[in-house]
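Below is one structure; the comments refer to it alone.
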Amino acid sequence: PLGVEVREARVVPDVHDTIVATVNHLRKTWDYVFTTGGIGPTHDDITADAIAAVFGRHIDVRPDALALLEAHYAARNTEMNEGRRRMARIPDGAELIANPVSTAPGFRIDNVFVMAGVPAVMRGMLQDIGHRIEGGERVHASTVRGKGLREGDIAAALTEIAKAAPDVNIGSYPFMKPGWRGTEFGVN
């Protein structure tokens, strides 16, 4: 709905230099980069440090992020331990991304948005991102599932449709389940 098209998706391991190199490449290639995961309380959550390195920024516990977490855990009578405190580590100059699910914020630096990896938490954080990006025209998409249709049988017809409507993206994706085979069509 924001007119932002996903052009590339990658899975990157928890390796500092790999994260830094990947984000540096992607932020120069695309308008926006969205990372998910690696900002939690454990030793392998190194994304915040890697993003700080990408931008040459210092990272430490930030008072506003810490205040959010302290209030959250105090309301639940839960200890504010070092692991939880770690989630308040934010690179200098970053804007916080609100987390309506579990409070620990994500952050943004330039065109890079850093969010939690837990899907429900990431979806919640996305609610605080739409107003920060400049999208294009709203993308309308639909999917049609054709039971029994095989890609090879409809390839020529799809090619003709694509030629007749060059501004429409049409993709075909076969599916195979026991007793249920066919092709799914995505149009936007």
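Based on a Kirkwood Rh over C-alpha pairs, give the Stokes-Einstein translational diffusion coefficient of the range 97-188 at 37 °C and viscosity 0.692 mPa s in µm²/s.
On the way: Rh = 16.6 Å.
It comes out at roughly 198 µm²/s.
(i) 19.2; (ii) 16.9; (iii) 18.1: which one is Kirkwood radius over Cα pairs in Å as calculated from this entry?
Matching the structure shown: (i).
Determine the distance separating the Cα centre of the range 18-36 from the Cα centre of the range 38-94; give it in Å without decimals.
21
Could you pull out every residue, at least 5 positions away or on a different chain, whose amide H is within less than 5 Å of the one on Thr35? Hs are placed 1.01 Å off N in the peptide plane, and Pro or chain starts have none.
Here the answer is Phe113, Val114, Met115, since their amide H atoms fall under 5 Å of that of Thr35.
Could you identify which residue out of Val11, Val144, Val23 has the top mean-square fluctuation in a GNM of the chain using Cα springs shorter than 10 Å?
Val144
Any idea of Ser172's accessible area? Nearest 10 Å², probe 1.4 Å.
Rounded to the nearest 10, that gives 40 Å².
Given the options Pro178, Pro100, Pro41, state which has the largest fluctuation in a GNM of the chain using a 10 Å cut-off (strictly under) for Cα springs.
Sorting by GNM fluctuation, first place goes to Pro178.
Between Ala9 and Arg85, take the C-beta separation as r, use R0 = 41 Å, and let me know the FRET efficiency to the nearest 0.05. Spell out each step's value before the answer.
On the way: r = 32 Å, r/R0 = 0.77.
Calculated transfer efficiency: 0.85.
Which residue, His131, His140, His72, tops the fluctuation ranking in a GNM of the chain built on C-alpha contacts under 10 Å?
His140
Less than 9 Å Cβ to Cβ from Asp60, Lys/Arg counted +1 and Asp/Glu -1: what total charge do the surrounding residues give?
+1
Cβ under 13 Å from Pro100's Cβ, Pro100 left aside: what net charge do those residues give with Lys, Arg +1 and Asp, Glu -1?
Working: positive: Arg123; negative: Asp128.
Cβ neighbours under 13 Å give a net charge of 0.
With labels modelled as points extended 7 Å from the Cα through the Cβ direction, what inter-label distance (nm, one decimal) is found for Arg181 paired with His131?
5.2
What translational D, rounded to a whole number of µm²/s, comes out for the range 33-141 from Stokes-Einstein when the hydrodynamic radius is the Kirkwood one over Cα pairs, at 20 °C and 1.002 mPa s? Intermediate values should be presented prior to the final figure.
Numbers: Rh = 14.3 Å.
The calculation lands on 150 µm²/s.
For a quick check of your reading of the filter: which GluC sites (Glu not before Pro) in the range 24-120 sit in a DSSP loop and have no more than 15 other Cβ atoms within 10 Å? It would help to have the intermediate numbers written out before the result.
Numbers: sites: Glu70, Glu79, Glu82, Glu95; in loops: Glu79.
Hits after loop and neighbour filter: Glu79.
When the chain is fully extended, how far beyond the present Cα-Cα distance does Ala74 get from Ile161, taking 0.36 nm per residue of separation? Write down the numbers at each step before the final one.
Details: separation 87, 0.36 × 87 = 31.32 nm, distance 5.95 nm.
The span from Ala74 to Ile161 would gain 25.4 nm if fully extended.
Among Thr42, Gly106, Val187, whose Cα lies farthest out toward the positive end of the dipole of the chain, if unit charges sit on the beta carbon of Lys, Arg (+1) and Asp, Glu (-1)?
Of Thr42, Gly106, Val187, it is Val187.
Using the Cα centre as the reference, give the magnitude of the dipole from point charges on the C-beta atoms of the range 1-125 (Lys, Arg: +1; Asp, Glu: -1; all else neutral), rounded to the nearest 20 debye.
On the way: 13 positive and 16 negative charges, 39 e Å.
For the range 1-125, the charge dipole is close to 180 debye.
Tell me the net charge near Gly38. Cut-off is 12 Å between Cβ atoms, Gly38 excluded, with +1 for each Lys or Arg and -1 for each Asp or Glu.
That works out to -2.
The values are calculated or read from the model by the stated rules, or taken from the named source; none is laboratory data. Keep in mind it's a predicted model, so treat the numbers as computed, not measured. No Cβ is skipped: glycine too gets one built from the backbone with ideal geometry, and neighbour counts run over all protein chains shown. Surface accessibility is based on the protein's heavy atoms, side chains included, excluding ligands, DNA and RNA. Shrake-Rupley method; radii C 1.70, N 1.55, O 1.52, S 1.80 Å.
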